[in-house]
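Inspection log for the structure reproduced underneath, given as structure tokens.
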Amino acid sequence: MADQFDVIEVGERGRRRWLGFVVLLALLAIPVAGLLASRDPAPRPDTGLEAVPDPIQSLRTVRNGTPNVLYAKSQPRGHDEIIQVVFPHGVRAEIRYPARLALDELGARPFQGAWIDGQYRRLLAPYGGEVEVSKGGEPIRELTSNVWLWPRQPGSGSYGQVLLFSFGKWRLALYDQPDGLTFEQRMATAEGLRGRLTKDGYLVLTGDGSVRLAKPGETVRGDPVGPQLWFGGVIGDTVLFTPTPGCAKAAKAPTRLEWRGRPSQSVCRGDVRITAAGSPSFVQQAVKGIRITLK
């Protein structure tokens with residue numbers, strides 16, 4: 001009998017100690033959580049355009065997965081190289097560049113501005129693919145067989161939730177605002193935005209219903225929002241190609257490259273604006289040596 005009471009007493013004490021330990025951890029977690037929250041980057045000033053959250057900075061994570069880019073095959077032409085590309089609106093082009101720039105090794109990603117029931121949003125391919133959006137978490141819900149809604153990303157400033165589209169090997173993200181699109185608008189976007197892959201792997205987009213894709217030359221507060229191709233990630237050298245009718249008299253270079261704090265320059269080659277950012281030597285060689293011909 002005494003042994004039974006001893007067992008009960010030991011159990012009660014163990015439980016009390018366990019509960020006390022949990023309470024202590026909870027009390028310690030409150031100031032730690034506050035400290036971590038205070039370290040989140042402050043949101044960028046409101047410019048009227050949605051600033052895309054900074055992608056993951058760990059390239060080790062990307063290398064262990066599959067970068068959300070297309071490495072085009074280049075063809076040598078003297079001291080230059082040539083690659084064939086396709087913009088998100090389906091227009092093909094030939095890019096000729098000095099071989100030392102190695103654009104084929106930077107990899108290309110699409111960008112496309114869009115209006116959802118008159119509300120402007122950006123569609124872009126995160127360099128790290130799905131992991132750049134998921135951060136290892138789980139989606140809120142599946143909207144269609146190829147579109148998922150993800151929660152707001154930590155440190156994304158004024159950004160809200162994310163719609164992530166799957167088109168073949170491509171992952172395309174629509175970063176919403178905090179107030180967000182309605183559920184009906186998100187469903188209409190998921191069903192109205194369509195993508196197909198060309199035989200060489202480029203992504204071509206079309207929009208139906210509530211989704212209207214920006215055309216070449218269109219701007220939002222002076223910033224070009226039409227179809228674009230980005231070569232390179234957020235770290236290192238980058239070249240941006242923006243089809244722009246009447247380029248010399250039209251829109252300025254996108255401000256998104258300026259936010260990175262790197263040297264940048266742009267030049268018009270026919271109806272395409274070429275913008276380079278990165279090391280000063282790379283930028284100078286890019287704006288001087290790159291040529292592009294629309295087909």
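I need the peptides 209-222, 165-178 ranked by packing, meaning the mean over residues of other C-beta atoms within 10 angstrom, with the highest value on top.
Order by mean packing, descending: 165-178, 209-222.
Can you list the residues, at least 5 places off or on another chain, whose amide H is less than 5 Å from the amide H of Arg273, using H built in the peptide plane?
The list, which skips near neighbours in sequence, is Thr242, Thr244.
Based on the mean of other Cβ atoms within 10 Å per residue, sort peptides 266-275, 286-295, 125-134 so the most packed one is first.
Top to bottom by mean Cβ count within 10 Å: 125-134, 266-275, 286-295.
Return the whole-Å distance between the Cα centroid of the range 190-240 and the Cα centroid of the range 112-166.
Between the Cα centres of the range 190-240 and the range 112-166 lies a distance of 15 Å.
My understanding is that a pair violates if its Cα-Cα distance is over 27 Å; which of Lys199/Lys288; Lys169/Lys215; Lys135/Lys199; Lys199/Lys249; Lys73/Lys249 do that in this structure?
Lys199/Lys288; Lys135/Lys199; Lys199/Lys249; Lys73/Lys249
Under the rule of at least 5 residues apart or a separate chain, name every residue whose amide H is placed under 5 Å from the amide H of Leu123.
Sorted by chain and number, the residues that satisfy this are Gln112, Gly113, Ala114.
Since every read-out is calculated from the coordinates, none of them should be taken as a lab result. Quick caveat, the model's predicted, so the values are computed rather than measured. Cβ: placed from backbone, ideal geometry, glycine included. Neighbour counts: every protein chain shown.
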